[in-house]
Each structure stands twice: as C-alpha cells, then as structure tokens.
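Here's the structure we're looking at; comments come further down.
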Amino acid sequence: EQPSFWHWVALSATMAIALAVRLWHLDTLPPGLYRDEATNGLDALRVIAGEHPLYFTANNGREPLFMYLLALSVRLLGRTPGALRLVAAVLGTLTVLVSYWLGHELYGRRVGLVFAVLLSVTVWPVNLSRIALRAVGLPLFIGAMLALTWLGLRRHSIWPMAAAGLCWGLSFYTYLAARFTLLALPLVVLYLWRLRPDARWWRGWLTLASVAFAVAMPLGVYIVTHWQATMGRAGQVSVFDSAISQGHPWVALLRNLMAALLGPFLRGDFIPRHNVPLRPAFGPLMAPFGLVGLALMLARVRRDSASGMVLIWCGVMAVPTVLAEGAPHFLRAVGVLPLLFLLPSVGLDWAAAQLSRWRRWLPTFATVAVLLIAGTTDLLTYWRHLNSQAVYYNFESGATALAAQVNR
C-alpha cells in the first residue's frame, strides 16, 4: 500500500520539528560549555592544525569520528559552542529520519512515523542532540545498520548487507558502547536464524561481518595494542571497583539492573547534563504505552522476529549502564536508543487500533492527540530545565563566561 499524501506531510513536519528543536538557541542553551565538550573542541583544533590521530587519548580516551566532524564545523563556522553543538544537532536529526526507516522496516509506516515523532521531541534524544558529546553518533549508525540488515533479509540482496556492514564498522568510531554490539548482533543473528528461514543466509551475514571487520580493523588494532589507554575508563566506573560498590559488587550490580529496567518507565538519569533529573526516558504520558508495547513484544517473541530483535538489542545494549556507577546513565545506555522507543510506538499503535471498531478516523485522531500532548509536555519541561540553576552549574556556565572574558 502506497503512503498517502498526508503521511508524507506528517513525516516532513516531524523532520522540520526535529531540526527546529535541535537548532533553537543552540549556541546558548544549554548555557556554558561543559569540560567534555570543550575538550572535544580542543581536539578539533588539533585536527585543524594538521594532526590526524586514530584515537584521541585526552580525557580518558575518545573515538575519532565525532572529533573530525567537529573540526569540519569549527573550520567553517569558527571557535564557538554553536559550531561544536551543530554537529550533534545534525546527527540527532538524521537519527530521527533513520528511526522512521527502521520502524517502517520492522512494523510498517504508521509505527515508523510514531517512532520518529517520539525521537524528535522526547527529552533524552533532544538533549543528546544539543550537547557536543560523541555518544550522539552511535544511534544513527546502529539504526542505519539494523534498517539495512532488515532490508537485505527482506529482499535477499547482498548490497544492503554490505552497507549494513559499513554502518556497523563505522559505529565503532563513535562511542565506547558500540563494542557491546559484538555481543548484541550475534545474539540477534542466532535468534533470527532459528525463527526465520530467510535469515539462514550465510552469504549475507558473511558479507555484513566482512565489511564491518575491514572498516573497524584499524581502530581494533589500536585498541588491542593500547589496551590501558582505550579501556581504562571502563575500569574507573565499574561496579566491580570496590570504591564504587563499597565491597559489595553483586549488590551494586543488582541495584543497577533494577535502575536500568525502571529507567524508561519510572525513574531516569539524575544528571542534569543528560536529562531532566529523574524523568523517565519515555516521559510520564508515554510510559504506560511503553509497558503495553513491552507486553506485546514479550507475547509475540516466538513468532514476530522484529519484537525479539528489539528485546535482545535493548537488553544487551543496556549492559554498559548496568555495569557502571550511576545507572541509569543516559550516555552509557545510548546504544538502546535506536530501538527502545519502539516500545511506546508499538503500544500506542495497538491502543489506537482498538478504537477502530467505533470510528475509522478515531485511531488517527487519538494517536495525533497523544503525541501532541506528550511532545508539548516534554519540550516545555525541557526548556524549563535548560534555564534551571542545575543546568547552569552542570554545564560550568560561570567558567565559560570567565573564559570568554579572558579571550576578549
């Protein structure tokens, strides 16, 4: 079935809103420039000056892709917070578009559109797109990889699988959590192999893995040969560090697991740089639909490969925040973003469909109304948060103002 004119209007409006909320006062909100953002900017200046490292070792080590994009932006726009954050805004907006594509591949155009709307206006993805931190690149490349994989399986075409491998390989150059895809994707492949005859395709999977290996190999060699420099940060924040767990690592691990499970529905990240403190990832209005979506996926897991993949992926990619202090931590858990918001998308779509027995137009009306209320609530809450004292101090606005005075 071909999408209607109004479907494309809705998608275009969603993309316009996504871009607008990411660009609005981007240079001054959040106020200041947090030290991690500033360090990334200094490394962008190193690139502009002629250095081209494969891995940036300052500030506990960082993958390179975001730094090179920052260098391009700073070269074009100058040494400003806006130039740094523009890269995150562009990557975040592209992630919204990829989420529509992925949702469409897995559950159809209607769910894909709801998925895109949620990523365009919900606090977590919006905030991630307005700070110059490299984690914002991971959802884009992982989402594209999963969409291309599904397309390749559906068409039994080798080229989408090769493109999926390219995206997977590039994801390792974005953020530390990408390394957990080395567990997540094989588990997804094993699950699909058992459930879907068309997924028993050695040539397709081998193509994906080979391209990804070729792309990621230079960074992989660097990691293996510089283990302490590239993996030291993980040890610093691990729950198995006695200074963090107070000598009870398994208790801390269980506590983190419960916190990660509640993060989307009840109690989110408490750090003002990452979230409106303690606000659940889905927001209070969408959290019930997220629970409905979770229940539906659990019920369908033996017959619906998309549902099984969502659950496996979110479970594995939540491990980085479970294993570290401060769970749920919305940066460490960023690997779940390409699929997590499919839970409320599927839940809302199912709930709206139950209304079709009364009026044909009622499901669409109810979906639009819920998304409008939820989106407006999230954005108003987020704008108030950006002007809060907590954000002012967490983004080191006083130090930024002092630095600007020194520069002048």
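Calculate the FRET efficiency for residue 198 and residue 5 from the Cβ-Cβ distance with a Förster distance of 30 Å, rounded to the nearest 0.05.
0.35
Once fully extended, how much extra length lies between residue 302 and residue 406, figured as 0.36 nm per residue of separation less the alpha-carbon to alpha-carbon distance?
Extra length from residue 302 to residue 406 when fully extended: 31.2 nm.
Apply 1/(1 + (r/R0)^6) to the Cβ-Cβ distance of residue 12 and residue 158, taking R0 = 41 Å, and write down the FRET efficiency to the nearest 0.05.
The formula returns an efficiency of 0.80 here.
According to the square roots a ≥ b ≥ c of the eigenvalues of the Cα gyration tensor, what is the shape class of the stretch 135-282, taking rounded for a/c under 1.5, prolate for a/b larger than b/c otherwise, and oblate for the remainder?
Judged from the Cα gyration tensor, the stretch 135-282 comes out prolate (a/c at least 1.5, a/b above b/c).
What Kirkwood hydrodynamic radius do you get for the stretch 187-258 when you take the inverse of the mean 1/r over all pairs of distinct Cα atoms, in Å?
Kirkwood hydrodynamic radius for the stretch 187-258: 15.9 Å.
Express in nm, to one decimal, how much length is gained between residue 182 and residue 221 on full extension, taking 0.36 nm for each residue of separation and deducting their alpha carbon distance.
Gain in length upon complete extension: 12.5 nm.
Figure the gain on full extension for residue 390 and residue 242 (residue separation times 0.36 nm, minus the Cα-Cα span) and round it to one decimal in nm.
50.3 nm
With a probe of 1.4 Å, find how much accessible area the chain has per residue, and write the answer as a whole number in Å².
Accessible surface, normalised per residue, equals 46 Å².
How many percent of the accessible area of the chain is carbon or sulfur, using a 1.4 Å probe?
Result for the chain: 68 percent of the exposed heavy-atom area is carbon or sulfur.
If you keep only loop residues by DSSP, which chymotrypsin sites (Phe, Trp or Tyr not before Pro) in the stretch 16-63 have at most 14 other Cβ atoms within 10 Å of their Cβ?
Within the stretch 16-63, the qualifying chymotrypsin sites (Phe, Trp or Tyr not before Pro) (loop, at most 14 other Cβ atoms within 10 Å) are 24.
Give the long-range amide H neighbours of residue 324: residues separated by 5 or more places, or on another chain, with amide H under 5 Å away, using H modelled in the peptide plane at 1.01 Å from N.
Under 5 Å from the amide H of residue 324: 239.
About the Cα centre, and with charges only on the beta carbon of Lys, Arg (+1) and Asp, Glu (-1), how big is the dipole of the stretch 1-157? Nearest 20 debye, please.
That gives a dipole near 100 debye.
Using the alpha-carbon centroid of each, what span in Å lies between the stretch 146-196 and the stretch 225-266?
27
In terms of the Cα gyration tensor, with a ≥ b ≥ c the square roots of its eigenvalues, is the stretch 314-408 rounded because a/c is under 1.5, prolate because a/b exceeds b/c, or oblate?
Verdict is oblate for the stretch 314-408.
The values are calculated or read from the model by the stated rules, or taken from the named source; none is laboratory data. In this text, all values refer to a predicted model and were calculated from it rather than measured experimentally. All Cβ positions, glycine included, derive from the backbone under ideal geometry; neighbour counts span all protein chains shown. Quick note on the areas: whole protein, heavy atoms, side chains included, nothing else; ligands and nucleic acids left out. Shrake-Rupley method; radii C 1.70, N 1.55, O 1.52, S 1.80 Å.
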